[in-house]
Amino acid sequence: MKQILTLLACSLMLLQPAWGQPFSGERLDRGFVGRPVERGFYLSWRMLPADAADLAFDLYRSTDGGQAVKLNDSPILRTSDFVDTGADLARDNRWSLRSRGRELASWSRTGGQAALPYLAIPLDPPEARKTFGTDETYTFSANDASVGDLDGDGQYEIILKWEPSNRKLPPNRGYAGNTLIDAYKLDGTRLWRIDLGHNIRSGPPTTQFLVADFDGDGRAELCCKTADGTIDGTGKPIGDPTLDNRVGDEADPAFGKVLLGREYVTVFDGRTGAALATEEYIPVRYPLDSWGGWGGNGGTDNLGERADRFSAGVGCFDGKTPSPFFVRGWYGRTVVAAWTFTNGKLQPLWTFDSSERRWAGYSGMGNHSVTVGDFDGDGFDEVCVGAMIVDHNGEGLLTTKLRHGDALHAGDLVPSRPGLEVFGVHENEENTIQFGTPGMAVYDARTGEILWSAEPGADIGRGVAADIDPRFEGAECWGGGTRGLRSCATGEILTNTVPSSTNFIIYWDADPYSELLDRTTISKWNWETGRSDVLLQGEGVVACNGSKATPCVSADLLGDWREEVVWATPDNRELRIYLTDIPAENRMPTLMSDRMYRMAIAWQNVAYNQPPHPSFDMVKRFEEIRQNQKPAAR
């Protein structure tokens, strides 16, 4: 009996998410996907947390509607991918993924199709428009995206933001065009289009959108900030569409900004885009000069430059149910407001306001981005907005006094330490240089203990933390204009050179180390030469968000645990999902079943886009799999 229990425990260890906090808020299918490669046809599928360690798969191919032929000589146990070297791609083929004689998924391909390294999703780009109240013409470009199972069929849909060509940052004067949000199935079927209207000023710091199953009905919703004149996916307006809350006097320093009028939070139906519930946004923007402080350059204003700096995210504050939250204020005062959506009602859950006396020391700690995780190990999610963390109940958990920053990374960066760590780069400019706070630092996410800091008084706008070099423990980090790779554990400079980019990261090949994702290129840090080697160069696609040069979205969307990256074509008529064709060495549940990673996909589109991290150390996870893995049966 003891032996049976031991075997069962080992079996569960192989695939059950024994790291961080699992996420069970989605009922996904196998994500079965295929694409042509030089050596045949590459197929990959998703492992789920409930899969037993000994779950074996078989693959069959039917050509031109003929009898299905088994492709594997022995059951597929070690990985969840396969290369069909015998497929005739000039003919129609259908591949069937089976287990224990039952078909789990299929993938079909019409003969003679071009051999492309991506899946194409046709788009319906909006036509050019005139700015509301003027004759200025603006166009749209495909921008940030998110994913969610909007119709409950087990497959992700793509939710895409269309950004106007005359978008504005908060300091900029002038009118901006409307922001639109579309939902697409993977075959290009457009489910709906939402128009946020002229009273939502378009720009990365002000337009955030969140996708998750907020009410637990098996279908994802969209939640975002709205205003009078927002038009839902069925054509119905929110509030009073005749109101124009923009500053219309061209002589006014705030010309074109939205400093008046009501602000809302709205939840939209994922299937239709219909507005399901709308409530007043928390907090109001007034007084306009209450959002400054000793973050950033230490100033303030009454022109909406700081009052209209937003970020947002999704957290499981009860340990299981996704809840949207919205953040107002980066540089000084920071307000985080969490909501619940239950039985069709959108209700406030809690509000954290750094201006309250009891949270002295929390102002000035906000970031251009957020991250979410179970930072104190209590089973509930917390919100990290940079140099401080808000607990799952809306109370302050910790503040580090590291001040405002740009890039933000959190995860098991130092696996020899318990819990999670946070790496960030920080701004020191103008009035705040005198404080000499670090340009980069790593701190313990549970206690706020600063493990190390460096570059006092520096203004570092970009930084990355990822395990890219196997010679050193845990993650390495680097930032714009700084020297060499540093250890996330100690801050020690490890190398004299740094990777070619300081942007996104991605799991692309078969090892546990991160690759580099920048613009439309995926590269791998070569620790022997001290250079970055190109693995993929996306052709005929573009990055978005200007110099930030980010993808529309990167995530574990399909196939096995490796990540995909989504870029748009320059004419905005297509999204392309690039997926790896590098044979895997092991298998594990989809990264989307790790709660911290899944919440990161929800906030990835927010403000200063940042890449996702799982809550576990991938090298340690690979070793667990190796120790429990059965011999290959391929």
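Taken along its principal axes, the alpha carbon cloud of segment 119-238 reaches lengths of 44, 30, 26 Å, longest axis first.
The stretch between ALA56 and THR490 holds 151.9 nm of extra length on full extension. This uses 0.36 nm per residue minus the Cα-Cα distance. Taking all protein chains into account, the per residue accessible area for segment 146-214 stands at 23 Å² (1.4 Å probe).
Close lysine pairs were tallied over segment 146-259: pairs 8 or more places apart or on different chains with Cα atoms under 23 Å apart number 9. The packing ranking, built from the mean of other Cβ atoms within 10 Å per residue, places the peptides 142-153, 31-42, 91-102 in the order 142-153, 31-42, 91-102, highest first.
Each helix, a run of at least 4 DSSP H residues, gives -39500 (n - 2.57); summed and divided by the residues of the chain, these come to -1500 deg cm²/dmol at 222 nm.
Each Lys or Arg adds one and each Asp or Glu subtracts one; over the other residues with Cβ under 11 Å from the Cβ of PRO241, this totals -3.
Measuring nothing but how far apart in sequence close Cα pairs (under 8 Å, 6+ apart) lie, relative to its length, segment 420-509 scores a relative contact order of 22 percent.
Over segment 149-254, Cα pairs under 8 Å with separation of 6+ residues give a relative contact order of 22 percent. The fraction of Cα-Cα pairs per 10 angstrom bin, counted from 0 for segment 373-489, comes to 15, 46, 31, 7, 0 percent, rounded to whole percents. For segment 111-158 and segment 230-305, what is the separation of their C-alpha centers, rounded to whole Å? The two parts, judged by their Cα centres, are 25 Å apart.
The percentage of C-alpha pairs in segment 275-402 whose separation is greater than 26 Å is 19%. Here, the chain is characterised by an Rg to Rh ratio of 0.96, where Rg is the alpha-carbon radius of gyration and Rh the Kirkwood radius. Averaging the sequence gap over all C-alpha pairs within less than 8 Å and six or more residues apart, then dividing by the number of residues, gives the chain a relative contact order of 14 percent.
Cα centroid separation, segment 539-611 to segment 405-461: 26 Å. When the P(r) is computed for segment 441-583, the part past 27 Å accounts for 27% of the Cα-Cα pairs. Overall, the accessible surface of the chain at a probe of 1.4 angstrom is composed of carbon and sulfur to the extent of 49 percent. In straight-distance terms, cross-link reach from LYS70 covers every one of the aspartates and glutamates whose alpha-carbon lies under 19 Å from its own, apart from those fewer than eight places away in the same chain; here that gives ASP58, ASP81, ASP84, ASP88, ASP92, GLU103. Counting only Cβ charges, +1 for Lys and Arg and -1 for Asp and Glu, the dipole size of segment 232-277 around its Cα centre is about 240 debye. In a reduced charge model with +1 at each Lys and Arg Cβ and -1 at each Asp and Glu Cβ, the chain shows a dipole moment near 680 debye about its Cα centre. A dipole drawn for the chain from +1 and -1 charges on Cβ atoms has a positive end, and of SER523, PHE435, GLY344 the residue lying farthest that way is SER523.
Note on LYS548: accessible area approximately 70 square angstrom, rounded to 10, probe 1.4 Å, nucleic acids and ligands left out.
The values are calculated or read from the model by the stated rules, or taken from the named source; none is laboratory data. Everything quoted here is computed from the prediction, not taken from an experiment. With ideal geometry, Cβ positions are generated from the backbone for all residues, glycine too; neighbour counts draw on all protein chains shown. For accessibility, only protein heavy atoms count, side chains too; no ligands or nucleic acids. Shrake-Rupley method; radii C 1.70, N 1.55, O 1.52, S 1.80 Å.
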